[in-house]
Amino acid sequence: MPLNRHALVAAAMDLLDEKGEEALTMRNLASRVDRKVASLYNHVSGRAELVELIRAEIVASIDTEPFAKDPWNVALERWARSYGAAFGAHPACIRLLATTPIRDASTYVMYERVVDGLARGGWPAGEAVAVMRTVEAFVLGAALDMLAPADLLTPDAPAADLPAIRRALAPEHATTSSAAAAFELGLTALLDGLTERLARLREDRACSAGG
């Protein structure tokens, strides 16, 4: 099979999905594509560049179009859902990409669109990145939570004196206590809180201007 950069990135993502971050080495990747390690360097300069190519591949599937046309809160919600879906499909990439300095240009283009949309929505320059990163942190945590087993929390816990948690985890509450429900509640609460904060910031600015 011909080997090119795209095929190499796809193989690296498959390796990550199946075996986790620790398995992503040039030696393991070479074995996966049935090549010698040296031949991989015809396509990438090393593991660091490979990681950034993986980042770019995931970012390419994240929708930023709403920031060009929708109110900031609507765009932010759609971006959060798209972001969650992209990383939910490749959860093994989360820790790797979240702990690696970003060098991929397309990721910065994505951030530019988000921050610009927030700025046009009224967010101060000093807070726009913090807003973006807050949503990012929530979404990535939620993506990991989606991987948890259905019985992560169980009313059959070994401790005896747990009446509140046992009631909350009763079968009739299974839907409202699921990871999906937690995501919906968390995203709604986060967006509501950000909306309230922006309103307060606008009031403070108006008072300062009128004072």
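Annotations
- Options Asp63, Asp70, Asp34: the member that is in a loop (DSSP other than H, G, I, E, B), acidic (Asp, Glu) and touching a Phe, Trp or Tyr at 6+ places or on another chain (Cβ under 8 Å): Asp63
- Residue match in region 22-41 (condition: acidic (Asp, Glu) and closer than 24 Å to Ala86 by Cα): yes
- Here Ala119, Ala105, Ala86 are screened, and the one residue that is closer than 26 Å to Ala179 by Cα and either open to solvent by 40 Å² or more (accessible area, probe 1.4 Å) or in contact (Cβ under 8 Å) with a residue 24 or more places away in the chain (or both) is Ala86.
- Within region 149-163, one or more residues are hydroxyl-bearing (Ser, Thr, Tyr), outside any helix (DSSP H, G or I) and at negative phi.
- Single residue of Glu112, Glu127 found to be more than 13 Å from the chain's Cα centre (by Cα) and surrounded by 13 or more Cβ atoms within 10 Å (Cβ to Cβ): Glu127
- Close pairs (8 angstrom Cβ cut-off, 6 or more residues apart or separate chains): under 13 Å from Arg103 (Cβ atoms) and acidic (Asp, Glu) in region 35-53, at pLDDT 95 or above and crowded, with 18+ Cβ neighbours inside 10 Å anywhere: Glu52/Asp104
- Qualifying residues in region 134-160 (those that are among the charged types (D, E, K, R) and either loosely packed, with under 12 Cβ neighbours inside 10 Å or modelled with pLDDT under 95 (or both)) - the one farthest from Leu187 (Cα to Cα): Asp156
- Of all residues making up region 62-83, the number that are open to solvent by 30 Å² or more (accessible area, probe 1.4 Å), closer than 15 Å to Gly186 by Cα and under 13 Å from the mean Cα position of the chain (by Cα): 3
The values are calculated or read from the model by the stated rules, or taken from the named source; none is laboratory data. Note that the structure is predicted; figures quoted are calculated from it, not measured. Note: ideal-geometry Cβ built from the backbone for every residue, glycine included; neighbour counts use all protein chains shown. Side chains are part of the model used for accessible areas, which takes the heavy atoms of the whole protein and leaves out ligands, DNA and RNA. Shrake-Rupley method; radii C 1.70, N 1.55, O 1.52, S 1.80 Å.
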